[in-house]
Amino acid sequence: MQFLGLQPITGVAGCCERAASGQAAAPPTMVMNSRRLTGSSSGREPRPYHIIEQTAKVLRVGLVGVQPRDAAIYVAFRKRMVELGYREDRYFTFEYIQTPSIDAYDASFRELAARKPDIVIAAGNEPALRAASAAAGTLPIVFLAIDFDPVERGYVASLARPGGNITGIFLHPLELAAKRIELVRDALPQARHVGLIYQPHRPAAA
C-alpha cells in the first residue's frame, strides 16, 4: 500500500475530496491527486475546482470515534483537509460524535446519520464500517480499514472499483508480516519459535 507520502488518516482526507466531487474512487495506490488543487503563486488559498464553481456549498464531514475531538489523529485529518483546499468552517465542517465505546457505534452512527452529513467516515475496525453502512443509507461512506478486508467481508466489490456509496483505504496487515518477523529477530535473536495469535475467520487481523 502506498500513500504518496501521506499518513493513512490524511489519505482518507483525499478520499473525502474525491467523494465530495462525485468522482469515482481512486485505486488504493492513488488516494490523492495534488493536481486537483488550484491556486497561484500570489499566496491565495488553494481551493478545489468544484468548490470554486459552488462556493456556497459547505462540505459536512461526519465521523464517530472513541477518542476526543482534539486527538492528534483528527487534528491531522483537519489539517490535511485544509491543505486540500477545504478551510474548516468556510469550506467544510467537522461533525464529530465521541462515542463511549465500540459497543455504542450503532447508536452513535445513527445519531450522525440523522444530522445528514455529506460524507460519513468509518475509520479503524470493522464495527465502525458495519455500523456506518447500516445507518448511513445512501450517504457516501469513506472507510479506513485496518483490521479487516473490506472486499472479503462484502462491503465493496473490489479495491479498484468499490461500487455503491462506499470507498476508502485498506491497510493490509499481512504485507507487514515479513517486517514484523524481522523486528522479532532483532529483539530476540536467540528465539527459535514464534507464536502467532489470529482469528480464523479474519486472517487479516493476525
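The values are calculated or read from the model by the stated rules, or taken from the named source; none is laboratory data. Fair warning: this is a prediction, and the values are worked out from it, not measured in the lab. Neighbour counts are summed over all protein chains in view; Cβ atoms, including those assigned to glycine, are modelled from backbone coordinates with ideal geometry.
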- Message: I'd like to check something: does the stretch 118-130 contain any residue that is over 22 Å from PHE148 (Cβ atoms) and of a type in the set (A, V, I, L, M)?
- Response: no
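Conditions (1) under 26 Å from ILE197 (Cα atoms); (2) touching a helix residue (DSSP H, G or I) at 6+ places or on another chain (Cβ under 9 Å); (3) of a type in the set (S, T, N, Q), marked per residue:
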site: ILE73; (1), (2), (3): no, yes, no
site: MET81; (1), (2), (3): no, yes, no
site: PRO100; (1), (2), (3): no, yes, no
site: SER108; (1), (2), (3): no, yes, yes
site: LYS116; (1), (2), (3): no, no, no
site: ASN125; (1), (2), (3): yes, yes, yes
site: LEU139; (1), (2), (3): no, yes, no
site: ARG153; (1), (2), (3): yes, yes, no
- Conditions: (1) touching a helix residue (DSSP H, G or I) at 6+ places or on another chain (Cβ under 7 Å); (2) at pLDDT below 90. ARG185 meets all but one. Number of the miss? (1)
- Message: Pairs needed: first member in the stretch 132-161, over 16 Å from VAL64 (Cβ atoms); second member anywhere, assigned to a helix (DSSP H, G or I) and at pLDDT below 90; C-beta distance under 8 Å; at least 6 residues apart or different chains.
- Response: ASP147/PRO173; ASP147/ALA204; ASP147/ALA205; PHE148/ALA204; PHE148/ALA205; ASP149/ALA204; GLU152/ALA204
- Give the number of residues within the stretch 67-98 that are touching a residue at least 40 places away in the same chain (Cβ under 8 Å), surrounded by fewer than 19 Cβ atoms within 10 Å (Cβ to Cβ) and assigned to a loop (DSSP other than H, G, I, E, B). 1
- Item | Tally of residues being crowded, with 17+ Cβ neighbours inside 10 Å and either without any contact (Cβ under 8 Å) to a residue 60 or more places away in the chain or closer than 19 Å to GLN67 by Cβ (or both) across the stretch 107-118 | 5
- Message: Can you confirm whether ILE166 is among the hydrophobic types (A, V, I, L, M, F, W, C), over 22 Å from GLN67 (Cα atoms) and surrounded by fewer than 14 Cβ atoms within 10 Å (Cβ to Cβ)?
- Response: no
- Would you mind finding the one in ARG78, ARG110 that is out of contact with any Leu (no Cβ under 7 Å at 6 or more places or on another chain) and within 18 Å of PRO140 (Cα to Cα)? ARG110
- Note on the structure: Within the stretch 107-166, the count of residues that are aromatic (Phe, Trp, Tyr) and either within 15 Å of ARG60 (Cα to Cα) or assigned to a helix (DSSP H, G or I) (or both) comes to 1
- Just one listed residue, out of SER40, SER101, is at pLDDT below 85 and surrounded by fewer than 13 Cβ atoms within 10 Å (Cβ to Cβ), and it is SER40
